[in-house]
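As structure tokens, the structure follows; a few thoughts come after it.
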Amino acid sequence: MTLPFIVFFVCAILAVVGALTLILAREPIHSALALVLVMVSLAVLYLLLGAEFIAAVQIIVYAGAVMVLFVFVIMLLNAGVEERTDYSKLAKYAGLPLGIFLLLALAYWMFDSFIGKQIANGVGGTNASVSTRELSAQLFQKYLFPFEATSILILIAILGALVLAKKDE
């Protein structure tokens, strides 16, 4: 067993455990921290694939900025322990079969599609490497407006959370 093989399985297990903790945690702050664990594990998996830029974006944007916003909103809203309800009988009995059906349909679509067949046969795809410098030049030249529009939308979302969380005096 090689080191990348071991690191892959450790990070994969951490990502799955973090995802389960995210879903099953009763406190919202614990869910947010579990999501950080998932994001960092995915960043390491991206590094193993040789996608350094995606790994850096995963850490900086998702595990950093987005999770800070989540934790900020959770603390601002003073969210406590989640109350468990048993209202949805449909979700309780139909959720698992529908989820399995969805996974089977996606698997069928992937293996039956043209791209899926190319991947299975090892054909297609390019080995052209794009540097981080080229990606950043594209982001800040060609796609500057969508980049800035996204930052403005995030700012509006923060202001909306502040307005919603403001207590009546």
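Is it fair to say S41 is free of Cβ contacts under 8 Å to residues at least 60 places away in the same chain and either of a type in the set (F, W, Y) or crowded, with 17+ Cβ neighbours inside 10 Å (or both)? Break it down into steps so the answer makes sense when it comes.
Values: free of Cβ contacts under 8 Å to residues at least 60 places away in the same chain: yes; either of a type in the set (F, W, Y) or crowded, with 17+ Cβ neighbours inside 10 Å (or both): yes.
Against the criterion (free of Cβ contacts under 8 Å to residues at least 60 places away in the same chain and either of a type in the set (F, W, Y) or crowded, with 17+ Cβ neighbours inside 10 Å (or both)), S41 qualifies.
Which helices (runs of 4 or more DSSP H) does segment 1-107 wholly contain that include 2 or more residues that are charged (D, E, K, R)? Break it down into steps so the answer makes sense when it comes.
Details: elements: 3-24, 28-49, 52-57, 67-77.
Once the helices (runs of 4 or more DSSP H) in segment 1-107 are filtered for at least 2 residues that are charged (D, E, K, R), nothing remains.
Looking at (1) modelled with pLDDT of 65 or more; (2) surrounded by 10 or more Cβ atoms within 10 Å (Cβ to Cβ), which is the one condition that is false for D112?
Against the list (1) modelled with pLDDT of 65 or more; (2) surrounded by 10 or more Cβ atoms within 10 Å (Cβ to Cβ), D112 comes up short only on (2).
Among the residues of segment 8-17, is any under 24 Å from T150 (Cα atoms) and outside the structural domain of A157 (by TED's automatic domain parsing)?
At the first step, the residues of segment 8-17 found to be under 24 Å from T150 (Cα atoms) are none.
No, segment 8-17 contains no residue that is under 24 Å from T150 (Cα atoms) and outside the structural domain of A157 (by TED's automatic domain parsing).
Return the only residue of A51, A12 being over 13 Å from the mean Cα position of the chain (by Cα), surrounded by 12 or more Cβ atoms within 10 Å (Cβ to Cβ), small (G, A, S) and at pLDDT 85 or above. Working first, answer last.
Numbers: A51 fails: at pLDDT 85 or above.
The match here is A12.
The values are calculated or read from the model by the stated rules, or taken from the named source; none is laboratory data. Keep in mind the model is a prediction, meaning the values are calculated, not measured. Every residue, glycine as well, gets a Cβ built from its backbone with ideal geometry; the counts of neighbours run over all protein chains shown.
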